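The values are calculated or read from the model by the stated rules, or taken from the named source; none is laboratory data. Owing to the predicted nature of the structure, the values given are computational and were not obtained by experimental measurement. Ideal geometry is used to build each Cβ from the backbone, glycine not excepted, and the neighbour counts take in all protein chains shown. The accessibility values were calculated without ligands, DNA or RNA, using every heavy atom of the protein model including side chains. Shrake-Rupley method; radii C 1.70, N 1.55, O 1.52, S 1.80 Å.
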Amino acid sequence: MSAGEESKFSLFSKKKNQSIDESSLKIPVHLGVIMDGNGRWAKKRMLPRSAGHRAGADNLKTLCKNCGHYGIKYVTVYAFSTENWSRPDSEVHALMELFVEYFEKYDPELEQEGIRVRFTGDIASLPTNIQEVCKRAEEGSKHRTRMTLIVAFNYGGRREIVQATQKLAERVAKGEIRSDEITEEMFAQHLYLPDVPDPDLIIRPSGEERTSNFLVWEGAYSELWFSDVLWPDFGMNELTEALVAFTKRDRRFGGLTKEEKKDRE
Ligand code: IPE
Ligand code: IPE
Ligand code: MG
């Protein structure tokens with residue numbers, strides 16, 4: 001954006017009442033979003049939980065547009081965890097149906113926005129109709145390059161680590177590698193999406209301050225940001241607030257800050 005050009009989304013910070021200059025924001029390459037709070041959103045409106053999930057799925061479209069606006073390259077959204085199977089059958093069923101419907105309904109819009117779709121999780125254990133939806137959405141969107149939407153579905157960070165360990169154990173058993181040759185880099189190559197960079201920022205709406213088994217390995221050094229807003233209400237202002245917070249973070253990765261490094265020179 002050129003200097004002095006008006007931002008399309010003029011956001012006023014609650015504290016200082018100053019508009020935010022979008023060009024000064026640090027933009028994460030990879031953003032993770034834990035889409036939580038659908039049930040409470042529905043409860044507040046005396047609606048069934050399934051209505052909350054529907055509103056949450058609709059809001060994913062908004063998130064994609066907003067992330068596209070900021071030029072975020074990868075967005076991973078937590079849609080269904082390996083632990084979510086413990087919910088009542090009717091809710092699990094509604095979530096599966098919504099999943100199928102979503103990729104049929106929104107594909108033309110995803111195409112228009114140039115969004116490639118990928119999935120992460122234990123996809124092979126899902127019902128075959130869901131696996132087919134995943135395959136179709138991935139195949140049909142391969143050529144899109146503006147942004148990659150990664151849907152974490154039947155995803156659990158612990159399961160991902162166990163499955164990577166199984167793949168490595170098989171390679172050791174076959175004599176392809178020795179166990180003492182396994183490095184962090186080699187381990188990461190056996191995770192679900194080894195070519196995707198680690199998330200820089202993980203955000204969770206709904207007031208809960210935990211990661212609930214999301215991107216356990218990949219998120220080891222991610223910045224975390226929490227908001228009380230429920231997922232279906234999470235819009236451009238909340239995303240911008242998260243980016244403002246991220247811009248102020250000093251990512252050290254165990255090293256020193258830029259200032260500390262300068263002081264030592
Ligand atoms: C997130 O919303 C969606 C899924 C976990 C599938 P919830 O259903 O967890 O909503 P709350 O946390 O009960 O409000
Ligand atoms: C995390 O939300 C999983 C998803 C958003 C898909 P949950 O609602 O399942 O997490 P907990 O139970 O509050 O930790
Ligand atoms: Mg929840």
Item to check | Potential extension, Ile182-Phe253 segment - 0.36 nm per residue separation minus Cα distance | outcome: 23.4 nm
Item to check | MRE, 222 nm, helices only [DSSP H, n ≥ 4, -39500 (n - 2.57), over the chain, to nearest 500] | outcome: -12500 deg cm²/dmol
Item to check | Cα-Cα over 24 Å, subset of Lys26/Lys261; Lys43/Lys65; Lys105/Lys135; Lys73/Lys135; Lys142/Lys174 | outcome: Lys43/Lys65; Lys142/Lys174
Checklist outcome for this item: A correct Karplus calculation of ³J(HN,Hα) over the range 63-80, with 6.51 cos²θ - 1.76 cosθ + 1.60, θ = phi - 60°, whole Hz and x for Gly and Pro, returns 4, 4, 4, 5, 5, x, 4, 8, x, 6, 7, 10, 10, 9, 10, 8, 10, 7
Checklist outcome for this item: By accessible area (1.4 Å), largest first, Val244, Val75 order as Val244, Val75
Item to check | Spacing of the two label points (7 Å from each Cα toward its C-beta) at Ser125 and Arg158, in nm | outcome: 1.1
Item to check | the chain - charge dipole about Cα centre, Lys and Arg +1 at Cβ, Asp and Glu -1, debye rounded to 20 | outcome: 440
Next on the checklist: At 4 °C and a viscosity of 1.567 mPa s, what translational diffusion coefficient does Stokes-Einstein give for the range 153-193, taking Rh as the Kirkwood radius over Cα pairs? Give it in µm²/s as a whole number.
Outcome noted: 122
Checklist outcome for this item: Checking rank on 59-70, 146-157, with mean other Cβ inside 10 Å and highest first, the result is 146-157, 59-70
Next on the checklist: Can you give me the distance in nm between label points at Glu209 and Lys73, each placed 7 Å from the Cα along the Cα-to-Cβ direction?
Outcome noted: 3.2
Checklist entry - How large is ³J(HN,Hα), in whole Hz, for each residue of the range 212-217 in order, when computed from phi with the Karplus curve 6.51 cos²θ - 1.76 cosθ + 1.60 and θ = phi - 60°, using x for Gly and Pro? => result 6, 6, 8, 6, 4, 6
Item to check | Percent of alpha-carbon pairs separated by more than 20 Å within the range 175-246 | outcome: 45
Checklist outcome for this item: Between Ser19 and Val216, the two model label points (7 Å from Cα along the beta-carbon direction) sit apart by a distance in nm of 4.7
Checklist entry - How are the Cα pair distances of the chain distributed, in percent, across 10 Å bins from 0? => result 6, 26, 34, 22, 9, 2, 0
Checklist entry - Working out 0.36 nm times the residue gap between Lys174 and Lys262, then minus their Cα-Cα distance, what length gain in nm do you get to one decimal? => result 26.7 nm
Next on the checklist: Taking all protein chains in place and a 1.4 Å probe, what share, in percent, of the accessible surface of the chain do carbon and sulfur account for?
Outcome noted: 50
Checklist outcome for this item: In whole percent, the Cα-Cα distances of the range 124-265 spread across 10 Å bins from 0 upward as 9, 26, 33, 23, 8, 1
Checklist entry - Between Lys142 and Ala245, what length comes free when the chain is fully extended (0.36 nm per residue of separation minus the Cα-Cα distance, one decimal in nm)? => result 33.8 nm
Checklist entry - What are the semi-axes of the equivalent ellipsoid for the range 45-138, taken as the square roots of 5 times the Cα gyration tensor eigenvalues, largest first, in whole Å? => result 23, 17, 12
Checklist outcome for this item: Computed over the chain, the relative contact order (Cα-Cα under 8 Å, seq sep at least six) in percent reads 25
Checklist entry - How much area per residue is accessible in the chain when the probe is 1.4 Å and only protein heavy atoms are counted (Å²)? => result 56
Next on the checklist: Given a Förster distance of 25 Å, report the FRET efficiency between Asp107 and Trp85 from their Cβ-Cβ distance, rounded to the nearest 0.05.
Outcome noted: 0.40
Checklist outcome for this item: Dividing the mean separation of Cα pairs under 8 Å (6+ apart) by the residue count of the range 176-243 yields a relative contact order in percent of 31
Checklist entry - Got the relative contact order for the range 40-148 handy, in percent, Cα pairs under 8 Å and 6 or more residues apart? => result 30
